[in-house]
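The values are calculated or read from the model by the stated rules, or taken from the named source; none is laboratory data. Quantities reported herein were computed from a predicted structural model and do not represent experimental measurements. Ideal geometry is used to build each Cβ from the backbone, glycine not excepted, and the neighbour counts take in all protein chains shown. With ligands, DNA and RNA removed, areas are computed over all heavy atoms of the protein, side chains included. Shrake-Rupley method; radii C 1.70, N 1.55, O 1.52, S 1.80 Å.
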Amino acid sequence: MKFNEDHEALRGTVRKFIEREINPYVDSWEEAEIFPARELFPKLGKAGLLGVTKPVEYGGLGLDYSFGIVLAEELGHIHCGGVPLAIGVHTDMCTPALSKVGSDELKREFLAPSITGELIGCIGVSESGAGSDVASLKTTARKDGGDYVLSGSKMWITNGIQADWMCCLANTSDGKPHENKSLIIVPLGAKGVTRARKLRKLGMWSSDTAEIFFDDVRVPQRYRIGDEGHGFLYQMLQFQEERLWGAANSLSGFEDAIELTVEYTRERIAFGKPILHNQVVHFRLAELSTELEALRALVYRAAELYLSGQDVTRLASMAKLKAGRLGREISDACLQYWGGMGYMWESRIARIFRDVRLISIGGGADEIMLSIICRLDGTLPRAEKR
Ligand SMILES: Cc1cc2nc3c(=O)[nH]c(=O)nc-3n(C[C@H](O)[C@H](O)[C@H](O)COP(=O)(O)OP(=O)(O)OC[C@H]3O[C@@H](n4cnc5c(N)ncnc54)[C@H](O)[C@@H]3O)c2cc1C
C-alpha cells in the first residue's frame, strides 16, 4: 500500500483530533462505562472523519479505501479500545452495505446524517442464540401492507444504548438460511423497540453494548438495504470491511503497548539495572515488533487488493485472526514486564490487556476465521453423502 502526503495529512488531522477531543477524557469515560457519543460524533463529523470513504454526494470525502485504513490505524492511538470500536462500528460495520447498495432515498435519510454525526448507527447481526452461526438467527421481518414487522432480539450490540438506527439482519422468508435474510434499517426510537440493558464487560468499558428486543416493530419496506433475500450475502461482504477495520485498528494499539513497555522497563530498575536490559525482555519485545510488522504487511496487502476490487475474504479473515492472536500475545507479554504495576486496574497496559481480548471473539471468533480460511483453501472436510 502506497501512502502519500494526503494520507499523512489525514493522519495528522486524526492525531490532533484524538489529542484534543478524546484522550484527555478517556479515563473518565472508561470509569463511567459510556462515552458521550452525542457530543463526540458531531465533532468527528465536522472534522470529516465519519465519511472518509463515503460518496461526496452524501457528505463524505469520497476518498479511496487506503484512507479508510489510515483512519482505522490512527484511531488505534486512542487510549482505550471502546471509543475506536464505537467509531468503527459506525463508519465501517453498519454503513458499508447502505452506502454500496442502499437506495438514494435511504442514503439521504440515514447515511448523510450519519456522516455528519447527527445520527449514530449500530449493526445488529448477533443474537443470544446465534453468534458464530449467523445463518441460524431467529429475528423475523414479515411483510404487512407496505411495512415489515420485526420480532426477535439482538445481543451484544455496540453503540446499542446511544444509537439512533440499526442495520439489522433478519429473516424475511422461510427459505434456505443463506437466501432468506435481508438487511433492514430499524430506527431504534420506533414503537416496540426495547433497549433491555447495558451489558457490563471485561473490557471496552467506554463502549455501550446492549441487548435489544423487537416486539412487532413496524418499518416501511423501503428501509430494506438492497434486494430482499440478499442480506446474508451483503453481510458477508460487510464483514470484509469490519474485519479489515479491526485488524488495521489493532496495529497502533499494539505499537503503543510495546512502546509503553519499552519506556516503563527502561526506567524500572531491578537487580541494579533497567528491566529492559535483560536480553529475554528486549529480545521478546523485538520479536513482537517483528510479528506486528508482519501483521501490518498482511493488512496493507489485503487492503490493496480490496481497493483494486477483489474479494479479500481469505486475507481479511487471516488479518483478523492474526490480530486477535497477536493482540493476546503482545498484551500478555507487556503486562508481564510491567509486573505488579501492570496488574493494577488503572494502568494503561491492564486496559489494553482487557480490551484486545475482544478481537479474537467479536466480528467472528478465531475459529470462524479458521473455518473460512479452510473453506476457501479447500481443506474443510465436506459432509459425506449417505
Ligand atoms: C463487546 C462485544 C461487542 C459486540 N458487538 C457486536 C455488534 O455490534 N453487533 C453484533 O451483531 N454482534 C456483536 N458482538 C457479538 C460477536 O460478534 C459474537 O460474540 C461473536 O460472533 C461470537 O458469537 P457467540 O458469542 O455467540 O459465540 P458462540 O457462537 O457461542 O461460540 C463460542 C465459542 O465457541 C467456539 N466456536 C464456535 N463455533 C465454532 C466452530 N465452528 N468450530 C470451532 N469452534 C467454534 C469459538 O471459540 C467461540 O468463541 C459483540 C460481542 C462483544 C463481546
Run down Tyr223, Tyr234 and say which single residue is within 22 Å of Ala86 (Cα to Cα), more than 12 Å from the ligand (Cβ to nearest atom) and touching a residue at least 60 places away in the same chain (Cβ under 8 Å). Tyr234
Specify which of the listed residues (Ile115, Ile157, Ile123, Ile87) is more than 16 Å from the ligand (Cβ to nearest atom) and open to solvent by less than 40 Å² (accessible area, probe 1.4 Å). Ile115
Report every pair of residues separated by at least 6 positions or lying on different chains whose Cβ atoms are under 8 Å apart, first residue within region 119-136 and touching a residue at least 40 places away in the same chain (Cβ under 8 Å), second near the ligand (Cβ under 6 Å from one of its atoms) and of a type in the set (Ser, Thr, Tyr). Cys122/Thr158; Ile123/Thr158; Val134/Ser126
Using the structure shown, decide if Ala47 is within 16 Å of the ligand (Cβ to nearest atom), out of contact with any Leu (no Cβ under 6 Å at 6 or more places or on another chain) and open to solvent by 10 Å² or more (accessible area, probe 1.4 Å). no
Could you please tell me which pairs satisfy a Cβ distance under 7 Å, a separation of 6+ or placement on different chains, a first residue in region 368-380 that is in contact (Cβ under 8 Å) with a residue 60 or more places away in the chain, and a second residue that is open to solvent by 70 Å² or more (accessible area, probe 1.4 Å) and of a type outside the set (Lys, Arg)? Ile368/Ser132
Condition first: open to solvent by 20 Å² or more (accessible area, probe 1.4 Å) and among the acidic types (Asp, Glu). Now tell me which residues in region 90-109 satisfy that. Asp104, Glu105, Glu109
Any pair with Cβ under 7 angstrom, 6 or more apart, that starts in region 187-203 at a residue that is part of a loop (DSSP other than H, G, I, E, B) and ends at one that is surrounded by 15 or more Cβ atoms within 10 Å (Cβ to Cβ) and of a type in the set (Gly, Ala, Ser): Leu188/Ala163; Leu199/Ala210; Gly203/Gly81
Which number in (1) in contact (Cβ under 8 Å) with a residue 12 or more places away in the chain; (2) under 27 Å from the mean Cα position of the chain (by Cα); (3) open to solvent by 60 Å² or more (accessible area, probe 1.4 Å) marks the one condition that Asp216 misses? (2)
Residue under question is Gly76, and the condition is that it be within 16 Å of Glu118 (Cα to Cα), among the small types (Gly, Ala, Ser) and touching a residue at least 12 places away in the same chain (Cβ under 8 Å); does it hold? no
Are there any pairs with C-beta distances below 6 angstrom linking a residue in region 158-175 that is among the aliphatic types (A, V, I, L, M) to a residue that is modelled with pLDDT under 95 and not in a loop (DSSP other than H, G, I, E, B), with the two at least 6 apart or on different chains, and if so which? Ile161/Lys198
Residue list for region 131-154, restricted to those being surrounded by 18 or more Cβ atoms within 10 Å (Cβ to Cβ) and either outside any strand (DSSP E or B) or within 9 Å of the ligand (Cβ to nearest atom) (or both): Gly131, Val134, Leu137, Thr139, Lys154
Any chance Gly68 is outside any helix (DSSP H, G or I), crowded, with 20+ Cβ neighbours inside 10 Å and among the small types (Gly, Ala, Ser): no
Has region 181-190 got any residue that is in contact with a Gly (Cβ under 7 Å, 6 or more places away or on another chain), among the polar types (S, T, N, Q), under 26 Å from Ser28 (Cβ atoms) and within 16 Å of the ligand (Cβ to nearest atom)? no
So the check is Cβ under 7 Å with 6+ separation or different chains; which pairs have a first residue in region 276-288 that's in a helix (DSSP H, G or I) and a second one that's at pLDDT 95 or above and loosely packed, with under 12 Cβ neighbours inside 10 Å? none
